[in-house]
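For reference, the structure discussed in these notes is given below.
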Amino acid sequence: MTGATRMLSVLLLVVVVAAGGAAASHSSPSSSCPATPPDAGNTLQVSHAFGPCSPLGPGTTAPSWAGFLADQASRDASRLLYLDSLAARGKARAYAPIASGRQLLQTPTYVVRARLGTPPQQLLLAVDTSNDAAWIPCAGCAGCPTSSAPPFDPAASTSYRSVPCGSPLCAQAPNAACPPGGKACGFSLTYADSSLQAALSQDSLAVAGDAVKTYTFGCLQKATGTAAPPQGLLGLGRGPLSFLSQTRDMYQGTFSYCLPSFKSLNFSGTLRLGRNGQPPRIKTTPLLANPHRSSLYYVNMTGIRVGRKVVPIPPPALAFDPATGAGTVLDSGTMFTRLVAPAYVAVRDEVRRRVGAPVSSLGGFDTCFNTTAVAWPPVTLLFDGMQVTLPEENVVIHSTYGTISCLAMAAAPDGVNTVLNVIASMQQQNHRVLFDVPNGRVGFARERCTAV
């Protein structure tokens, strides 16, 4: 571990530890963990994948909360590059978001429970708004890692079937292929030194109180390299094989979530599917479409205000351009918001000016203050038709003992000319974020995730 990573680990510890408390071991669920409320109706409980009460169980987490968050912060840069390449190069690109020796196809920061097959087999699925695919590690998968959640066993399900070659569904799968003399459709994704091979399959999927009778997914059969998924993926993008597209008749292309804050281990979030139960009054902004990458949720961010001042961001830094992929997206798999350099510099400089204290850097953050007397200004994201004012918990990371605090945003990595602004999960936490695809809108409403 580098010195910067060690310092960042210390800084991030407080993000997930109760004020003044010590970090809890999370190798296995603690006896003091509150019971997770049951899924019901169209609402699934969203859990943090790496907490002391993680449903992933022992052996699947980082050595400590701080270690995980430091690692996740470093992986954000790779996630950004992946999203940027998708936006610019189009959906024909056959790459899974895998980087830094670990897979970003799922980035399982948040997971939900589901049941697949007949009789139903319990699954954990990562929530990812920027991916379409459904991946399920299957029994006998060569190279798949083990976890507390057993893989899906197709042979134990009476309703399982493979998708045949020549099916329209097969044509929609990435890198679809049929082996000589084979009848079942297979497909693959590759990135760097890793590759994933799956059989295109169908089975009955139960989420909360609902069942999708013929759900199409990739039954993972082989993984090589450094990056195989330890659990399934619930792809909430807008592509033809995404969960959202497959359940259009059931959920009308609409969902919302409230992501629990990293500052509290006793909070649970929710994923609400369909129109029922969505906020009747919510601020919304138009949802934009990029034909080169239809799965990404683009919105038109028009500016950023620090305190009462709209900072001077050059318009091209925020402009939506489908040809280049430029613009702003919402993503559940990135932890800290990333802005293109001109936008970030404008925000950073105004924050520094308003705070007026000596500035230091720590790990991946370059706007830190080693004092307990920091008066952080609010940060407001301005969109067409709405604005979202982020409280301090959404934009500031505090050190374990409260003496150091940093702006929890960053620019693209040095030497990389990315074009995307990514509004990440930390900035979305404790908001009800609505994705209403048929009506072409995304909404934000302040909401404390349900305490458990």
Being open to solvent by less than 40 Å² (accessible area, probe 1.4 Å) and in contact with a Leu (Cβ under 8 Å, 6 or more places away or on another chain) is the filter; apply it to the stretch 301-316 and report the residue that is farthest from SER425 (Cα to Cα).
-> GLY303
What pairs can you find where one residue is in the stretch 430-450 and part of a loop (DSSP other than H, G, I, E, B), the other is of a type in the set (Ser, Thr, Tyr), and their Cβ atoms are less than 6 Å apart, with a gap of 6+ or different chains?
-> ASN430/SER261; THR450/SER268
Would you confirm whether any residue within the stretch 195-210 is open to solvent by less than 40 Å² (accessible area, probe 1.4 Å), modelled with pLDDT under 85 and either more than 30 Å from GLN45 (Cα to Cα) or within 25 Å of the chain's Cα centre (by Cα) (or both)?
-> yes
Checking ARG293 against (1) open to solvent by 10 Å² or more (accessible area, probe 1.4 Å); (2) in a strand (DSSP E or B), which single condition isn't satisfied?
-> (2)
VAL359 vs. criteria β-branched (Val, Ile, Thr), free of Cβ contacts under 8 Å to residues at least 60 places away in the same chain and surrounded by fewer than 17 Cβ atoms within 10 Å (Cβ to Cβ) | yes
Can you tell me which residues in the stretch 366-380 are under 19 Å from LEU339 (Cβ atoms) and either of a type outside the set (A, V, I, L, M, F, W, C) or open to solvent by less than 10 Å² (accessible area, probe 1.4 Å) (or both)?
-> ASP366, THR367, CYS368, PRO377, PRO378, VAL379, THR380
Kindly check whether there is at least one residue in the stretch 268-290 that is buried (at least 20 other Cβ atoms within 10 Å of the Cβ), part of a helix (DSSP H, G or I) and either modelled with pLDDT of 95 or more or not assigned by the TED database to the domain that holds GLY182 (or both).
-> no
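Residues are listed down the side, and each one gets a yes or a no for (1) closer than 30 Å to SER242 by Cα; (2) assigned by the TED database to the domain that holds THR302; (3) open to solvent by less than 10 Å² (accessible area, probe 1.4 Å):
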residue	(1), (2), (3)
PRO342	no, yes, no
THR389	no, yes, no
ASN394	yes, yes, yes
SER405	no, yes, yes
GLN427	yes, yes, yes
VAL433	yes, yes, yes
Only one of these conditions is not met by ARG338: (1) in a helix (DSSP H, G or I); (2) among the charged types (D, E, K, R); (3) open to solvent by less than 60 Å² (accessible area, probe 1.4 Å). Which number is it?
-> (1)
For GLY327, which of the numbered conditions (1) open to solvent by less than 40 Å² (accessible area, probe 1.4 Å); (2) among the small types (Gly, Ala, Ser); (3) not in a strand (DSSP E or B) fails to hold?
-> (3)
Find the residue count for the stretch 152-177, including only residues that are open to solvent by 60 Å² or more (accessible area, probe 1.4 Å) and at pLDDT below 90.
-> 4
Taking the stretch 368-399 and keeping only residues that are farther than 27 Å from LEU318 by Cβ and within 25 Å of the chain's Cα centre (by Cα), one is left with HIS398, SER399
Could you list, in sequence order, the residues of the stretch 111-151 that are open to solvent by less than 50 Å² (accessible area, probe 1.4 Å) and in contact with a Cys (Cβ under 7 Å, 6 or more places away or on another chain)?
-> ILE136, PRO137, CYS138
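The values are calculated or read from the model by the stated rules, or taken from the named source; none is laboratory data. Here the structure is a predicted model, which is why all the values come from computation and not from measurement. Because the Cβ atoms are built from the backbone with ideal geometry, glycine has one as well, and the counts that use them run over all protein chains shown. Side chains included, ligands, DNA and RNA excluded: accessible areas come from the protein's heavy atoms. Shrake-Rupley method; radii C 1.70, N 1.55, O 1.52, S 1.80 Å.
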